[in-house]
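K.L.:
Encoded as structure tokens, here's the structure I'll be asking about.
Just so it is clear, none of the values below were taken in a lab; they were calculated from the coordinates. What you see is a predicted model, and the numbers here were worked out from it, not measured in a lab. Quick reminder, even Gly has a Cβ in these numbers, built from the backbone with ideal geometry, and neighbours come from all protein chains shown.
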DNA sequence: CCTACCGATCGGTAGG
DNA sequence: CCTACCGATCGGTAGG
């Protein structure tokens, strides 16, 4: 505990630790975050770093929660008010590309890093990483399905296939930006995503589905 | 040194260490390989593990060399004799998908893992990881360029864009197999790659390039 | 390729 | 939120 300090000061200390830990995690991996590293960068003692979280694993779970909330704030919140379906899906992809291109985390997107880092491991930290990725893929697939039903995408489109491919584009972009320092990568990602999402229904014979715009 | 043993025995010991290290690296990351872990699994002492390599970093470089040679053996060697261009590119992608689907490394493709693990780090180990990935992208782009010149792909095709997207498909596949245990993932990857590589030249007016099959 | 060590660092606890 | 510890493990070396 911190007998000499107010609750507000304790909360600020906690946030200082988390900010530092998130930065380290994006570079060294979530499992590569150590109390000693954070202590050296924040001026706290190692015990002062671990204290507010109890154990390092709890601190790592908190790091993933921060990563998820930053991702939501940067990618999903700006577009969540748009109409469900293709408009929102396209805008989300654009926000995603922009987020990765801006390199919000110095070592690349923490969600991507964590998904590779924990893919073969088990435990609460890897469970949370898995849930984050699965949740985002579900969001992408759901809006794809709405787009299909609204007649914005061809009925032969497979929502899970779209989510699969969008994730691949994002991972390739993350790698190109962070590993290869390729400034052209965001444009490549936009081109790939645009081709994937420009698959309007083919106007075959008697192909009028539903949602006639003249309806009332 | 190993005064009581022949050179052949020393080489076998070295291989035992490497095999174990590669397996651990695919699960815990190349940086997550420790001498103690390998010692416990092989029955050797920690000093016996480090000895043949000098330092752990040298051992890690050897792990990456094994990963590269396994990748070459599984993906490139089977197709390297095919005609350059689209036939070889398509066969390489199929071999790549098959390799990832078979989960040759228990924790997923070491090249993919290493590319994320080291993307923001510097040093000889990350340099070697970078060179592996860059080399493979170059191979993919080169065969794409041959395919364009041979009239197998539309001239508007960008070889680096194709390499970028193929890498994304492979990363998405690796993630789907190892993290999400999605048995349908290889089929998804094949569908995505097929769409990417089925872009024949458009027969516009006077669009006959060169390489007329009736030539002699 | 072993034992026996080295200093450094790990996560975590006790007590203030 | 600090100091002062705990046992365990890290990479690496010496010497046989």
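K.L.:
Filter the stretch B:180-193 down to residues that are over 20 Å from residue A:188 (Cβ atoms) and touching a residue at least 60 places away in the same chain (Cβ under 8 Å) and give me whichever is surrounded by the most Cβ atoms within 10 Å (Cβ to Cβ).
P.N.:
B:185
K.L.:
Select from the stretch B:57-89 the residues that are in a helix (DSSP H, G or I), buried (at least 17 other Cβ atoms within 10 Å of the Cβ) and over 17 Å from the mean Cα position of the chain (by Cα) and list them in ascending order.
P.N.:
B:59, B:86
K.L.:
Every residue in the stretch A:90-104 that is assigned to a loop (DSSP other than H, G, I, E, B) and in contact (Cβ under 8 Å) with a residue 60 or more places away in the chain, please. Explain how you work it out, then say what you get.
P.N.:
Within the stretch A:90-104, the first condition is being assigned to a loop (DSSP other than H, G, I, E, B), and the residues that meet it are A:102-104.
Of everything in the stretch A:90-104, just one residue is assigned to a loop (DSSP other than H, G, I, E, B) and in contact (Cβ under 8 Å) with a residue 60 or more places away in the chain, namely A:103.
K.L.:
Looking only at the stretch A:26-44, which residues are surrounded by fewer than 17 Cβ atoms within 10 Å (Cβ to Cβ), more than 8 Å from DNA strand C (Cβ to nearest atom) and part of a loop (DSSP other than H, G, I, E, B)?
P.N.:
Matches in the stretch A:26-44: A:43 only.
K.L.:
Can you name the condition, by its number, that residue A:23 falls short on among (1) within 13 Å of DNA strand C (Cβ to nearest atom); (2) within 14 Å of chain B (Cβ to nearest Cβ)?
P.N.:
All conditions are met except number (1).
K.L.:
For the stretch B:1-20: of the residues being within 9 Å of DNA strand C (Cβ to nearest atom) and assigned to a helix (DSSP H, G or I), which is nearest to residue B:113 (Cα to Cα)?
P.N.:
Filtering the stretch B:1-20 for residues that are within 9 Å of DNA strand C (Cβ to nearest atom) and assigned to a helix (DSSP H, G or I), the one nearest to residue B:113 (Cα to Cα) comes out as B:17.
K.L.:
A further question on this structure: Just checking, how many residues over the stretch A:106-123 are under 11 Å from the mean Cα position of the chain (by Cα) and more than 8 Å from chain B (Cβ to nearest Cβ)?
P.N.:
Residues in the stretch A:106-123 being under 11 Å from the mean Cα position of the chain (by Cα) and more than 8 Å from chain B (Cβ to nearest Cβ): 4 in total.
K.L.:
Looking at B:10, B:39, B:35, which one is closer than 17 Å to residue B:58 by Cβ and within 27 Å of the chain's Cα centre (by Cα)?
P.N.:
B:35
K.L.:
If I filter the stretch B:1-25 down to residues being crowded, with 18+ Cβ neighbours inside 10 Å and without any contact (Cβ under 8 Å) to a residue 24 or more places away in the chain, which single residue comes out as farthest from residue A:126 (Cα to Cα)?
P.N.:
The qualifying residue farthest from residue A:126 (Cα to Cα) is B:20.
K.L.:
Moving on. Which one is farthest from residue B:142 (Cα to Cα) among residues in the stretch B:157-166 that are touching a residue at least 12 places away in the same chain (Cβ under 8 Å) and surrounded by fewer than 21 Cβ atoms within 10 Å (Cβ to Cβ)?
P.N.:
B:157
Results for (1) more than 12 Å from chain B (Cβ to nearest Cβ); (2) part of a helix (DSSP H, G or I); (3) over 26 Å from residue A:28 (Cα atoms), shown as yes or no for each residue.
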| site | (1), (2), (3) |
| --- | --- |
| A:152 | yes, no, yes |
| A:156 | no, no, yes |
| A:163 | no, yes, yes |
| A:167 | no, yes, no |
| A:172 | no, yes, no |
| A:177 | no, yes, no |
| A:183 | yes, no, no |
| A:187 | no, yes, yes |
| A:191 | no, yes, yes |
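K.L.:
Right, another one. Restricting the search to the stretch B:105-150, which residues are within 26 Å of residue B:179 (Cα to Cα) and part of a loop (DSSP other than H, G, I, E, B)?
P.N.:
Passing the criteria: B:105, B:106, B:107, B:108, B:109, B:118, B:119, B:120, B:121.
K.L.:
Continuing with this model, one more query. How many of the residues making up the stretch B:134-156 are over 20 Å from residue B:195 (Cβ atoms) and surrounded by 20 or more Cβ atoms within 10 Å (Cβ to Cβ)?
P.N.:
Number satisfying all stated conditions: 1.
K.L.:
With B:48, B:36, B:43, B:32 as the choices, which residue is free of Cβ contacts under 8 Å to residues at least 12 places away in the same chain and farther than 30 Å from residue A:114 by Cβ?
P.N.:
Values: B:48 fails: free of Cβ contacts under 8 Å to residues at least 12 places away in the same chain; B:36 fails: farther than 30 Å from residue A:114 by Cβ; B:32 fails: farther than 30 Å from residue A:114 by Cβ.
Answer to the check: B:43.
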